[in-house]
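Undergrad: First the structure, then my questions, so here it is.
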Amino acid sequence: MYVCGSCIDQDDASVSSSQPDSNGFLSPLSLLNSEKAVQELVQQPPVQGTDDHLREFSEALRTVAKALRRAAEGKAAAQAEAAEWKRKYELERERNLHLEYKDLSLREHHSDDNWIENLASQSNEGPECCCGNNGICSHEVLRDGGAKSDFKVVQDKYTRKASFKLSWCCKGEQSDQHKHDIVSFEKGNITTAERSSRQISLKWESDPQTVLILTKPNSTSVQILCAEMVRWLKEHKRMDIYVEPRVKTELLLESSDFNFVYTWKDDNEIMLLHRKVDLVVTLGGDGTVLWAASMFKGPVPPVVPFSLGSLGFMTPFYSEQYKECLDSVLKGPISITLRHRLMCHVIRDAAKTEYETEEPILVLNEVTIDRGISSYLTYLECYCDNSFVTAVQGDGLILSTTSGSTAYSLAAGGSMVHPQVPGILFTPICPHSLSFRPLILPEHVSIRVQVPFNSRSHAWASFDGKDRKQLQPGDALVCSMAPWPVPTACLVDSTNDFLRSIHEGLHWNLRKTQSFDGPRDS
(Lines give C-alpha, C1' and ligand atoms only; values in the text may rest on other atoms or scores of the structure.)
Protein backbone atom coordinates (compact mmCIF):
# COMPACT_ATOMS: atom_id res chain seq x y z
CA MET A 1 0.00 0.00 0.00
CA TYR A 2 1.31 3.49 -0.87
CA VAL A 3 1.33 6.53 1.35
CA CYS A 4 -1.26 9.12 0.47
CA GLY A 5 0.02 12.32 -1.08
CA SER A 6 -1.42 14.52 1.65
CA CYS A 7 0.65 12.73 4.35
CA ILE A 8 3.88 13.25 2.43
CA ASP A 9 3.09 16.91 1.82
CA GLN A 10 2.35 17.48 5.49
CA ASP A 11 5.59 15.78 6.56
CA ASP A 12 7.68 17.73 4.05
CA ALA A 13 6.10 20.94 5.25
CA SER A 14 6.96 20.19 8.88
CA VAL A 15 10.58 19.24 8.09
CA SER A 16 11.31 22.25 5.87
CA SER A 17 9.23 24.88 7.61
CA SER A 18 12.11 27.35 7.63
CA GLN A 19 12.50 29.72 4.68
CA PRO A 20 15.72 29.51 2.63
CA ASP A 21 18.24 32.33 2.91
CA SER A 22 19.37 34.68 0.14
CA ASN A 23 21.62 31.99 -1.30
CA GLY A 24 18.79 29.47 -1.56
CA PHE A 25 19.97 27.24 1.35
CA LEU A 26 18.32 26.44 4.63
CA SER A 27 20.05 27.83 7.72
CA PRO A 28 22.18 25.30 9.68
CA LEU A 29 20.00 25.86 12.77
CA SER A 30 16.88 24.91 10.81
CA LEU A 31 18.61 21.76 9.53
CA LEU A 32 19.66 20.72 13.00
CA ASN A 33 16.25 21.46 14.55
CA SER A 34 14.56 19.50 11.76
CA GLU A 35 16.92 16.56 12.24
CA LYS A 36 16.18 16.53 15.97
CA ALA A 37 12.44 16.51 15.28
CA VAL A 38 12.81 13.65 12.80
CA GLN A 39 14.99 11.69 15.23
CA GLU A 40 12.29 12.03 17.90
CA LEU A 41 9.65 10.71 15.50
CA VAL A 42 11.85 7.83 14.35
CA GLN A 43 12.75 6.79 17.90
CA GLN A 44 9.13 6.68 19.07
CA PRO A 45 7.93 3.10 19.85
CA PRO A 46 5.93 1.50 17.03
CA VAL A 47 2.14 1.61 17.32
CA GLN A 48 0.48 -1.76 17.69
CA GLY A 49 -1.29 -2.89 14.57
CA THR A 50 0.47 -0.59 12.11
CA ASP A 51 -0.05 -1.49 8.49
CA ASP A 52 2.23 -1.26 5.48
CA HIS A 53 1.67 2.39 4.62
CA LEU A 54 2.81 3.46 8.10
CA ARG A 55 5.95 1.33 7.77
CA GLU A 56 6.71 3.01 4.44
CA PHE A 57 6.08 6.38 6.04
CA SER A 58 8.60 5.51 8.79
CA GLU A 59 11.18 4.54 6.16
CA ALA A 60 10.61 7.88 4.44
CA LEU A 61 11.28 9.69 7.71
CA ARG A 62 14.54 7.76 8.13
CA THR A 63 15.59 8.81 4.64
CA VAL A 64 14.90 12.43 5.52
CA ALA A 65 16.92 12.06 8.74
CA LYS A 66 19.91 10.70 6.78
CA ALA A 67 19.70 13.63 4.35
CA LEU A 68 19.66 16.11 7.23
CA ARG A 69 22.63 14.38 8.84
CA ARG A 70 24.61 14.68 5.59
CA ALA A 71 23.76 18.39 5.50
CA ALA A 72 25.09 18.82 9.07
CA GLU A 73 28.28 16.97 8.10
CA GLY A 74 28.73 19.24 5.11
CA LYS A 75 28.39 22.22 7.43
CA ALA A 76 31.23 20.97 9.67
CA ALA A 77 33.46 20.39 6.65
CA ALA A 78 32.75 23.92 5.40
CA GLN A 79 33.67 25.33 8.81
CA ALA A 80 37.01 23.54 8.81
CA GLU A 81 37.77 24.70 5.27
CA ALA A 82 36.85 28.30 6.13
CA ALA A 83 39.16 28.22 9.15
CA GLU A 84 42.04 26.98 6.96
CA TRP A 85 41.49 29.76 4.40
CA LYS A 86 41.35 32.31 7.22
CA ARG A 87 44.70 31.04 8.53
CA LYS A 88 46.28 31.30 5.07
CA TYR A 89 44.95 34.84 4.73
CA GLU A 90 46.46 35.88 8.06
CA LEU A 91 49.85 34.38 7.13
CA GLU A 92 49.81 36.27 3.84
CA ARG A 93 48.90 39.47 5.65
CA GLU A 94 51.81 39.02 8.09
CA ARG A 95 54.14 38.42 5.15
CA ASN A 96 53.07 41.69 3.52
CA LEU A 97 53.56 43.58 6.80
CA HIS A 98 57.03 42.08 7.08
CA LEU A 99 57.92 43.41 3.62
CA GLU A 100 56.68 46.86 4.62
CA TYR A 101 58.81 46.82 7.78
CA LYS A 102 61.84 45.74 5.75
CA ASP A 103 61.32 48.62 3.31
CA LEU A 104 60.94 51.09 6.20
CA SER A 105 64.09 49.84 7.89
CA LEU A 106 66.04 50.29 4.64
CA ARG A 107 65.08 53.97 4.52
CA GLU A 108 65.71 54.70 8.21
CA HIS A 109 69.06 52.88 8.42
CA HIS A 110 70.58 54.23 5.19
CA SER A 111 73.84 55.04 7.03
CA ASP A 112 74.61 51.35 7.54
CA ASP A 113 75.79 50.54 4.03
CA ASN A 114 76.80 46.96 4.67
CA TRP A 115 73.51 46.11 6.36
CA ILE A 116 71.50 47.68 3.52
CA GLU A 117 73.58 45.84 0.98
CA ASN A 118 72.81 42.56 2.76
CA LEU A 119 69.07 43.14 2.78
CA ALA A 120 69.04 44.29 -0.82
CA SER A 121 70.88 41.17 -1.92
CA GLN A 122 68.34 39.02 -0.04
CA SER A 123 65.34 40.71 -1.66
CA ASN A 124 66.89 40.56 -5.13
CA GLU A 125 68.29 37.05 -5.07
CA GLY A 126 65.43 35.28 -3.28
CA PRO A 127 65.73 32.24 -1.01
CA GLU A 128 67.53 30.04 -3.50
CA CYS A 129 70.37 32.52 -4.10
CA CYS A 130 70.54 33.57 -0.45
CA CYS A 131 70.94 30.09 0.91
CA GLY A 132 72.79 28.37 -1.85
CA ASN A 133 72.15 24.65 -2.11
CA ASN A 134 72.29 23.69 1.55
CA GLY A 135 69.23 25.15 3.26
CA ILE A 136 67.02 28.13 3.97
CA CYS A 137 68.16 31.32 5.67
CA SER A 138 66.29 33.53 8.09
CA HIS A 139 67.41 37.17 8.46
CA GLU A 140 64.90 38.70 10.82
CA VAL A 141 64.40 42.37 11.70
CA LEU A 142 61.47 42.85 14.06
CA ARG A 143 59.76 45.99 15.24
CA ASP A 144 59.77 46.27 19.04
CA GLY A 145 56.36 45.46 20.50
CA GLY A 146 56.59 48.33 22.96
CA ALA A 147 56.14 46.17 26.06
CA LYS A 148 57.00 48.05 29.25
CA SER A 149 57.49 47.26 32.96
CA ASP A 150 59.46 44.06 33.65
CA PHE A 151 59.33 42.95 30.04
CA LYS A 152 62.61 43.79 28.28
CA VAL A 153 62.78 47.36 26.94
CA VAL A 154 64.99 47.48 23.86
CA GLN A 155 67.27 50.46 23.35
CA ASP A 156 66.79 50.74 19.61
CA LYS A 157 63.57 51.07 17.60
CA TYR A 158 64.34 47.74 15.95
CA THR A 159 65.76 44.59 17.50
CA ARG A 160 67.61 41.98 15.51
CA LYS A 161 66.68 38.39 16.27
CA ALA A 162 69.32 35.72 15.82
CA SER A 163 69.14 34.31 12.30
CA PHE A 164 69.73 30.68 11.41
CA LYS A 165 69.65 28.27 8.50
CA LEU A 166 68.03 24.83 8.28
CA SER A 167 69.45 22.17 6.00
CA TRP A 168 68.99 18.46 5.41
CA CYS A 169 71.77 16.09 6.45
CA CYS A 170 71.85 13.85 3.39
CA LYS A 171 75.01 11.84 4.23
CA GLY A 172 76.66 12.20 0.85
CA GLU A 173 73.55 12.47 -1.29
CA GLN A 174 72.62 15.51 -3.32
CA SER A 175 70.69 18.11 -1.35
CA ASP A 176 66.92 17.93 -1.60
CA GLN A 177 65.60 19.93 -4.58
CA HIS A 178 62.22 20.49 -2.88
CA LYS A 179 63.45 21.50 0.58
CA HIS A 180 61.98 25.00 0.17
CA ASP A 181 58.53 23.42 -0.09
CA ILE A 182 59.04 21.40 3.09
CA VAL A 183 60.49 23.93 5.54
CA SER A 184 59.80 27.65 5.23
CA PHE A 185 60.02 30.74 7.40
CA GLU A 186 57.40 33.28 8.37
CA LYS A 187 59.10 36.39 9.81
CA GLY A 188 62.12 34.38 10.88
CA ASN A 189 60.17 31.62 12.65
CA ILE A 190 59.90 27.97 11.68
CA THR A 191 56.74 26.91 9.88
CA THR A 192 56.16 23.80 7.86
CA ALA A 193 53.44 22.29 5.71
CA GLU A 194 55.08 18.88 5.42
CA ARG A 195 57.85 16.95 7.06
CA SER A 196 60.76 14.95 5.84
CA SER A 197 62.21 11.84 7.46
CA ARG A 198 65.72 13.17 6.86
CA GLN A 199 67.72 14.62 9.72
CA ILE A 200 67.52 18.42 9.95
CA SER A 201 70.46 20.56 11.03
CA LEU A 202 70.28 24.11 12.44
CA LYS A 203 73.21 26.50 11.98
CA TRP A 204 73.28 29.91 13.63
CA GLU A 205 74.20 32.77 11.32
CA SER A 206 74.29 35.31 14.14
CA ASP A 207 74.92 34.70 17.82
CA PRO A 208 71.84 34.03 19.99
CA GLN A 209 71.31 36.85 22.47
CA THR A 210 68.18 35.94 24.44
CA VAL A 211 67.24 32.72 26.21
CA LEU A 212 64.04 31.69 28.02
CA ILE A 213 64.46 29.22 30.91
CA LEU A 214 61.40 27.20 32.01
CA THR A 215 61.61 24.98 35.07
CA LYS A 216 59.74 22.16 36.76
CA PRO A 217 57.97 23.60 39.85
CA ASN A 218 58.36 22.47 43.47
CA SER A 219 61.79 20.94 43.01
CA THR A 220 64.76 22.08 45.12
CA SER A 221 67.33 20.49 42.79
CA VAL A 222 65.81 22.27 39.79
CA GLN A 223 65.89 25.63 41.62
CA ILE A 224 69.59 25.18 42.44
CA LEU A 225 70.44 24.21 38.85
CA CYS A 226 68.40 27.12 37.46
CA ALA A 227 70.28 29.65 39.62
CA GLU A 228 73.64 28.21 38.52
CA MET A 229 72.63 28.21 34.83
CA VAL A 230 71.30 31.79 34.95
CA ARG A 231 74.50 33.06 36.54
CA TRP A 232 76.69 31.16 34.06
CA LEU A 233 74.77 32.35 31.00
CA LYS A 234 74.97 35.96 32.16
CA GLU A 235 78.62 35.98 33.20
CA HIS A 236 80.15 33.80 30.50
CA LYS A 237 77.77 34.19 27.54
CA ARG A 238 76.49 37.74 28.15
CA MET A 239 72.95 36.68 27.31
CA ASP A 240 69.63 38.29 28.21
CA ILE A 241 67.57 35.84 30.27
CA TYR A 242 63.80 35.46 30.69
CA VAL A 243 62.16 33.32 33.35
CA GLU A 244 58.62 32.83 34.62
CA PRO A 245 57.39 35.29 37.31
CA ARG A 246 57.43 32.46 39.87
CA VAL A 247 61.07 31.66 39.07
CA LYS A 248 62.16 35.28 39.26
CA THR A 249 60.62 35.58 42.72
CA GLU A 250 62.54 32.47 43.82
CA LEU A 251 65.81 33.84 42.42
CA LEU A 252 65.39 37.22 44.12
CA LEU A 253 64.64 35.51 47.44
CA GLU A 254 67.97 33.72 47.09
CA SER A 255 69.94 36.83 46.13
CA SER A 256 69.24 40.37 44.95
CA ASP A 257 72.01 39.92 42.36
CA PHE A 258 69.45 38.28 40.06
CA ASN A 259 67.65 41.55 39.37
CA PHE A 260 68.97 41.44 35.78
CA VAL A 261 66.55 38.62 34.94
CA TYR A 262 63.49 39.56 32.85
CA THR A 263 59.94 38.22 33.11
CA TRP A 264 56.38 39.16 32.08
CA LYS A 265 53.15 40.20 33.75
CA ASP A 266 50.26 39.07 31.54
CA ASP A 267 49.29 36.93 28.56
CA ASN A 268 49.75 39.81 26.11
CA GLU A 269 53.46 39.92 26.92
CA ILE A 270 53.70 36.13 26.56
CA MET A 271 52.36 36.48 23.01
CA LEU A 272 55.45 38.58 22.15
CA LEU A 273 57.99 36.09 23.47
CA HIS A 274 58.61 34.37 20.14
CA ARG A 275 59.71 37.72 18.68
CA LYS A 276 62.38 38.25 21.33
CA VAL A 277 63.57 34.80 22.43
CA ASP A 278 66.23 33.00 20.39
CA LEU A 279 66.36 29.83 22.47
CA VAL A 280 64.23 28.03 25.07
CA VAL A 281 65.82 25.88 27.80
CA THR A 282 63.60 23.51 29.83
CA LEU A 283 64.65 21.96 33.15
CA GLY A 284 62.37 19.04 33.98
CA GLY A 285 60.73 16.10 32.25
CA ASP A 286 58.45 15.75 29.24
CA GLY A 287 55.75 17.65 31.12
CA THR A 288 57.96 20.74 31.18
CA VAL A 289 58.46 20.47 27.41
CA LEU A 290 54.66 20.26 26.99
CA TRP A 291 54.30 23.36 29.16
CA ALA A 292 56.90 25.21 27.08
CA ALA A 293 55.08 24.30 23.85
CA SER A 294 51.72 25.44 25.27
CA MET A 295 53.11 28.92 25.96
CA PHE A 296 53.64 29.55 22.24
CA LYS A 297 50.37 29.70 20.31
CA GLY A 298 52.25 30.28 17.05
CA PRO A 299 55.94 29.88 16.09
CA VAL A 300 58.23 28.24 18.66
CA PRO A 301 61.96 29.01 19.08
CA PRO A 302 64.38 26.06 19.22
CA VAL A 303 64.03 24.16 22.52
CA VAL A 304 66.92 22.59 24.47
CA PRO A 305 65.34 20.11 26.96
CA PHE A 306 67.34 18.91 29.99
CA SER A 307 66.27 15.73 31.74
CA LEU A 308 65.29 16.35 35.38
CA GLY A 309 62.05 14.38 35.54
CA SER A 310 60.85 10.81 35.79
CA LEU A 311 60.36 10.32 32.03
CA GLY A 312 62.55 11.60 29.24
CA PHE A 313 61.29 10.74 25.76
CA MET A 314 61.80 14.36 24.68
CA THR A 315 64.63 15.40 27.06
CA PRO A 316 67.92 13.98 25.75
CA PHE A 317 70.35 16.39 27.51
CA TYR A 318 71.89 15.59 30.89
CA SER A 319 71.74 18.36 33.49
CA GLU A 320 75.19 17.50 34.93
CA GLN A 321 76.76 18.54 31.61
CA TYR A 322 74.70 21.67 30.99
CA LYS A 323 77.74 23.92 30.38
CA GLU A 324 79.18 21.70 27.65
CA CYS A 325 75.72 21.12 26.12
CA LEU A 326 74.75 24.81 26.01
CA ASP A 327 78.19 25.77 24.74
CA SER A 328 77.78 23.30 21.84
CA VAL A 329 74.20 24.44 21.11
CA LEU A 330 75.09 28.15 21.07
CA LYS A 331 78.01 27.54 18.72
CA GLY A 332 76.13 25.15 16.42
CA PRO A 333 75.38 23.52 14.14
CA ILE A 334 72.96 21.22 15.98
CA SER A 335 70.60 18.46 14.90
CA ILE A 336 66.93 19.19 15.60
CA THR A 337 63.65 17.29 15.52
CA LEU A 338 60.57 19.08 14.21
CA ARG A 339 57.80 17.86 16.50
CA HIS A 340 54.42 18.67 15.01
CA ARG A 341 51.38 19.74 17.01
CA LEU A 342 47.68 19.17 16.42
CA MET A 343 45.36 22.16 16.09
CA CYS A 344 41.95 21.35 17.61
CA HIS A 345 38.66 23.23 17.14
CA VAL A 346 35.49 22.52 19.10
CA ILE A 347 32.34 23.23 17.03
CA ARG A 348 29.18 23.43 19.09
CA ASP A 349 25.81 22.21 17.87
CA ALA A 350 24.38 25.71 18.43
CA ALA A 351 26.89 27.35 16.05
CA LYS A 352 25.06 29.24 13.32
CA THR A 353 28.04 30.13 11.12
CA GLU A 354 31.39 28.54 10.33
CA TYR A 355 33.17 31.25 12.37
CA GLU A 356 31.42 30.40 15.64
CA THR A 357 34.11 28.03 16.85
CA GLU A 358 35.89 28.10 20.16
CA GLU A 359 39.48 29.25 20.47
CA PRO A 360 41.81 26.71 18.80
CA ILE A 361 43.94 24.56 21.10
CA LEU A 362 47.42 23.27 20.17
CA VAL A 363 48.60 19.92 21.54
CA LEU A 364 52.04 18.33 21.31
CA ASN A 365 51.11 14.83 22.54
CA GLU A 366 47.44 13.98 22.02
CA VAL A 367 43.80 14.95 22.26
CA THR A 368 41.62 12.39 24.07
CA ILE A 369 37.84 11.96 23.79
CA ASP A 370 36.47 9.78 26.61
CA ARG A 371 33.23 9.03 28.48
CA GLY A 372 34.29 10.67 31.74
CA ILE A 373 32.27 9.42 34.74
CA SER A 374 29.38 8.20 32.59
CA SER A 375 28.48 4.51 32.87
CA TYR A 376 27.62 4.34 29.15
CA LEU A 377 30.05 3.63 26.33
CA THR A 378 31.07 6.56 24.22
CA TYR A 379 29.47 6.69 20.79
CA LEU A 380 31.54 8.75 18.36
CA GLU A 381 31.30 9.14 14.59
CA CYS A 382 34.70 9.71 12.97
CA TYR A 383 35.41 11.26 9.56
CA CYS A 384 38.68 11.80 7.70
CA ASP A 385 38.44 14.55 5.05
CA ASN A 386 34.65 13.98 4.90
CA SER A 387 35.12 10.23 4.39
CA PHE A 388 33.48 8.11 7.06
CA VAL A 389 36.09 6.19 9.06
CA THR A 390 34.19 4.34 11.78
CA ALA A 391 31.86 4.66 14.75
CA VAL A 392 33.70 4.30 18.06
CA GLN A 393 31.91 2.42 20.82
CA GLY A 394 34.10 2.00 23.87
CA ASP A 395 35.86 4.10 26.49
CA GLY A 396 37.03 6.69 23.98
CA LEU A 397 39.48 7.67 21.26
CA ILE A 398 43.02 9.12 21.12
CA LEU A 399 44.25 11.35 18.30
CA SER A 400 48.00 11.55 18.78
CA THR A 401 51.04 13.09 17.12
CA THR A 402 54.02 10.85 16.45
CA SER A 403 55.84 12.59 19.32
CA GLY A 404 52.97 11.49 21.56
CA SER A 405 53.08 7.89 20.35
CA THR A 406 55.04 6.89 23.47
CA ALA A 407 52.47 8.50 25.80
CA TYR A 408 48.75 7.65 26.24
CA SER A 409 48.49 6.10 22.76
CA LEU A 410 51.14 3.51 23.67
CA ALA A 411 49.29 2.60 26.88
CA ALA A 412 46.09 2.08 24.85
CA GLY A 413 47.78 -0.34 22.44
CA GLY A 414 49.08 2.03 19.77
CA SER A 415 52.44 1.59 18.10
CA MET A 416 55.61 3.54 18.90
CA VAL A 417 56.43 5.81 15.95
CA HIS A 418 59.59 7.79 15.18
CA PRO A 419 58.79 11.49 15.82
CA GLN A 420 59.81 12.53 12.31
CA VAL A 421 57.48 10.06 10.57
CA PRO A 422 54.63 12.16 9.12
CA GLY A 423 51.29 11.01 10.49
CA ILE A 424 48.42 11.23 12.99
CA LEU A 425 47.75 8.22 15.24
CA PHE A 426 44.12 7.06 15.54
CA THR A 427 43.96 4.83 18.64
CA PRO A 428 40.76 3.53 20.32
CA ILE A 429 40.52 3.22 24.11
CA CYS A 430 39.11 -0.19 25.17
CA PRO A 431 36.88 -0.62 22.08
CA HIS A 432 33.94 -3.02 22.40
CA SER A 433 35.03 -4.81 19.23
CA LEU A 434 37.65 -7.46 18.55
CA SER A 435 38.55 -6.08 15.11
CA PHE A 436 39.10 -2.39 16.00
CA ARG A 437 42.84 -1.88 15.44
CA PRO A 438 44.78 1.40 15.67
CA LEU A 439 45.43 3.41 12.49
CA ILE A 440 48.15 5.82 11.35
CA LEU A 441 46.75 8.48 9.01
CA PRO A 442 48.71 10.95 6.85
CA GLU A 443 49.47 14.30 8.44
CA HIS A 444 47.73 16.43 5.78
CA VAL A 445 44.22 15.14 6.58
CA SER A 446 41.59 16.75 8.77
CA ILE A 447 39.87 14.46 11.31
CA ARG A 448 36.41 15.20 12.67
CA VAL A 449 34.97 13.39 15.68
CA GLN A 450 31.26 14.03 16.26
CA VAL A 451 28.93 13.03 19.09
CA PRO A 452 25.73 11.91 17.29
CA PHE A 453 22.28 12.98 18.47
CA ASN A 454 21.33 9.42 19.35
CA SER A 455 24.29 9.03 21.73
CA ARG A 456 23.24 7.91 25.22
CA SER A 457 25.51 10.45 26.93
CA HIS A 458 27.91 13.28 26.28
CA ALA A 459 31.69 12.94 25.95
CA TRP A 460 34.72 14.79 27.29
CA ALA A 461 37.75 16.05 25.39
CA SER A 462 41.12 16.73 27.04
CA PHE A 463 44.16 18.32 25.39
CA ASP A 464 47.58 17.08 26.52
CA GLY A 465 45.85 15.90 29.69
CA LYS A 466 44.26 19.24 30.62
CA ASP A 467 41.63 21.83 29.57
CA ARG A 468 38.80 19.27 29.62
CA LYS A 469 35.76 20.30 27.56
CA GLN A 470 32.34 18.66 27.48
CA LEU A 471 30.98 17.56 24.09
CA GLN A 472 27.20 17.37 23.97
CA PRO A 473 25.29 15.42 21.29
CA GLY A 474 25.66 17.41 18.08
CA ASP A 475 29.06 18.88 19.02
CA ALA A 476 32.16 18.06 16.99
CA LEU A 477 35.92 18.18 17.43
CA VAL A 478 37.99 18.94 14.31
CA CYS A 479 41.75 18.22 14.39
CA SER A 480 44.42 18.95 11.79
CA MET A 481 48.17 19.42 11.81
CA ALA A 482 49.24 22.85 13.07
CA PRO A 483 51.60 24.87 10.84
CA TRP A 484 54.02 25.60 13.70
CA PRO A 485 56.13 22.65 14.93
CA VAL A 486 58.17 22.51 18.13
CA PRO A 487 61.86 22.26 17.15
CA THR A 488 63.79 20.37 19.85
CA ALA A 489 67.55 20.03 19.90
CA CYS A 490 69.06 16.54 19.68
CA LEU A 491 71.94 15.21 21.73
CA VAL A 492 73.11 13.09 18.77
CA ASP A 493 70.36 12.93 16.13
CA SER A 494 66.63 12.19 15.98
CA THR A 495 66.93 8.43 15.52
CA ASN A 496 69.63 7.90 18.14
CA ASP A 497 67.76 9.97 20.72
CA PHE A 498 64.46 8.17 20.02
CA LEU A 499 65.92 4.66 20.33
CA ARG A 500 67.84 5.57 23.47
CA SER A 501 64.66 6.99 25.06
CA ILE A 502 62.60 3.83 24.52
CA HIS A 503 65.47 1.63 25.74
CA GLU A 504 66.06 3.67 28.89
CA GLY A 505 62.50 4.85 29.55
CA LEU A 506 60.56 1.68 28.72
CA HIS A 507 63.30 -1.00 28.89
CA TRP A 508 62.02 -2.02 25.48
CA ASN A 509 62.61 -5.69 24.52
CA LEU A 510 64.97 -6.49 27.36
CA ARG A 511 65.41 -10.16 28.27
CA LYS A 512 68.18 -12.53 29.20
CA THR A 513 70.28 -13.79 26.32
CA GLN A 514 70.19 -17.52 25.58
CA SER A 515 73.17 -19.47 26.81
CA PHE A 516 75.75 -20.13 24.10
CA ASP A 517 76.42 -23.67 25.34
CA GLY A 518 72.84 -24.87 25.00
CA PRO A 519 71.46 -27.26 22.35
CA ARG A 520 72.18 -26.33 18.75
CA ASP A 521 71.05 -27.36 15.29
CA SER A 522 73.09 -30.23 13.91
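Undergrad: Got the relative contact order for region 219-285 handy, in percent, Cα pairs under 8 Å and 6 or more residues apart? Walk me through the numbers before you get to the answer.
TA: Values: 33 pairs, mean separation 19.8, N = 67.
Worked out over region 219-285, it gives 30 percent.
Undergrad: A follow-up question, please. At 37 °C and 0.692 mPa s, what whole-number value in µm²/s does Stokes-Einstein give for the translational diffusion of region 209-332, with Rh from the Kirkwood sum over Cα pairs?
TA: Translational diffusion coefficient: 225 µm²/s.
Undergrad: Over region 314-433, calculate the relative contact order: mean separation of alpha carbon pairs under 8 Å at least 6 apart, over the residue count, as a percent.
TA: 21 percent
Undergrad: Please state the relative contact order of region 440-522 as a whole percent: Cα pairs under 8 Å, 6+ residues apart?
TA: 25 percent
Undergrad: Scan around residue 281 for amide H atoms under 5 Å from its own, H built in the peptide plane at 1.01 Å from N, and keep only partners 5 or more places away or cross-chain.
TA: So residue 281 has HN proximity to 212, 213, 214, 304.
Undergrad: Still on this structure: Would you please name the trypsin sites (Lys or Arg not before Pro) within region 434-522 that are DSSP coil residues with at most 14 other C-beta atoms within 10 Å of their C-beta?
TA: For trypsin sites (Lys or Arg not before Pro) across region 434-522 that sit outside H, G, I, E and B with at most 14 neighbouring Cβ atoms in 10 Å, the list reads 456, 511, 512, 520.
Undergrad: Report, please, the projected area of region 234-279 averaged over directions, based on the convex hull of its C-alpha atoms, in nm².
TA: 3.6 nm²
Undergrad: Averaging the inverse of every distinct alpha carbon separation and then flipping it gives the Kirkwood radius. What is it for region 342-483, in angstrom units?
TA: With all distinct Cα pairs of region 342-483 included, I get 15.0 Å.
Undergrad: Order of 364-370, 314-320 by packing, highest average Cβ count within 10 Å first?
TA: Order by mean packing, descending: 364-370, 314-320.
Undergrad: Counting only heavy atoms of the protein chains, get the accessible area per residue of region 342-483 (1.4 Å probe) and round it to a whole Å² value.
TA: 41 Å²
Undergrad: Can you tell me the length gained on complete extension of the stretch residue 434 to residue 500, counting 0.36 nm per residue apart and subtracting the Cα distance?
TA: 20.4 nm
Undergrad: Counting Lys +1, Arg +1, Asp -1, Glu -1, what net charge surrounds residue 288 among other residues with beta carbon under 12 Å of its beta carbon?
TA: Numbers: positive: 216; negative: 244, 286.
Around residue 288, the charge tally is -1.
The values are calculated or read from the model by the stated rules, or taken from the named source; none is laboratory data. Predicted model, so just to flag it, every value in this text is computed and none were measured. A quick note on method: Cβ atoms are made from the backbone with ideal geometry, for glycine too, and the neighbour counts reach across all protein chains shown. With ligands, DNA and RNA removed, areas are computed over all heavy atoms of the protein, side chains included. Shrake-Rupley method; radii C 1.70, N 1.55, O 1.52, S 1.80 Å.
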